[in-house]
Amino acid sequence: MSDFEIVRSTHIDADPGRVHDLVSDFRQWPDWSPWEDLDPAMQREYDGPADGVGSTYSWSGNRKAGAGSMQITESSPERVGIRLTFLKPWKATNQVTFDLVPADAGTDVSWRMNGEQTGMAAVFGRLFPMDRLVGKDFEKGLARLKRVAES
């Protein structure tokens with residue numbers, strides 16, 4: 001068993017409320033998420049409130065996109081917390097947080113994912129650390145989030 005943490009940060013020249021709205025409303029994720037273009041035919045389902053705590057997003061796609069769900073578990077002006085559950089290509093549950101800090105007429109955003117690797121995933125993780133596998137996706141997503149929020 002091994003724990004992992006992936007963190008990437010950026011500054012966005014937009015009000016924290018604007019950034020919060022883009023993160024806490026799963027219906028807006030297709031505009032900026034780095035994984036949305038992995039499968040143009042990906043099936044999406046939304047449940048619960050339109051945004052904030054209890055809002056749920058499920059997806060099912062090709063081998064690259066996999067299948068899983070996200071549920072917002074915490075939502076404040078400074079933070080959005082999400083429980084991320086992967087069903088395919090592997091099963092895992094991770095905690096994701098977006099920290100939003102007002103700074104320099106904009107927002108400093110940190111995107112963090114914490115989880116635990118067990119069994120074969122722990123062995124695989126030693127060869128291919130999660131930060132190396134997913135970090136570039138976080139960077140791409142933050143760049144897209146920045147572009148959307150600033151437009």
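Results, tabulated for the structure shown:
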{"item": "In segment 103-151, residue modelled with the lowest pLDDT [restricted to those that are of a type in the set (K, R) and closer than 25 Å to D25 by Cα]", "result": "K136"}
{"item": "Selected residue (criterion: nearest to G141 (Cα to Cα)) from residues of segment 37-48 that are surrounded by 13 or more Cβ atoms within 10 Å (Cβ to Cβ) and touching a strand residue (DSSP E or B) at 6+ places or on another chain (Cβ under 9 Å)", "result": "D39"}
{"item": "Wholly enclosed strands (runs of 3 or more DSSP E) of segment 1-99 bearing at least 2 residues within 12 Å of the chain's Cα centre (by Cα)", "result": "2-12, 67-76, 79-88"}
{"item": "Residues of segment 1-20 that turn out to be open to solvent by 80 Å² or more (accessible area, probe 1.4 Å) and over 16 Å from V101 (Cβ atoms), as a count", "result": "3"}
{"item": "Pair list, Cβ < 6 Å and 6+ apart or interchain, from segment 62-84 residues that are more than 22 Å from R18 (Cα to Cα) to residues that are open to solvent by 70 Å² or more (accessible area, probe 1.4 Å)", "result": "G66/K88; G66/P89; A67/L87; A67/K88; G68/L87"}
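The values are calculated or read from the model by the stated rules, or taken from the named source; none is laboratory data. A quick note: this is a predicted structure, and the numbers were derived from the prediction, not measured. Note that we place each Cβ from the backbone using ideal geometry, even for glycine, and neighbour counts take in every protein chain shown. Heads up: the accessible areas ignore ligands, DNA and RNA and are worked out on the full protein's heavy atoms, side chains in. Shrake-Rupley method; radii C 1.70, N 1.55, O 1.52, S 1.80 Å.
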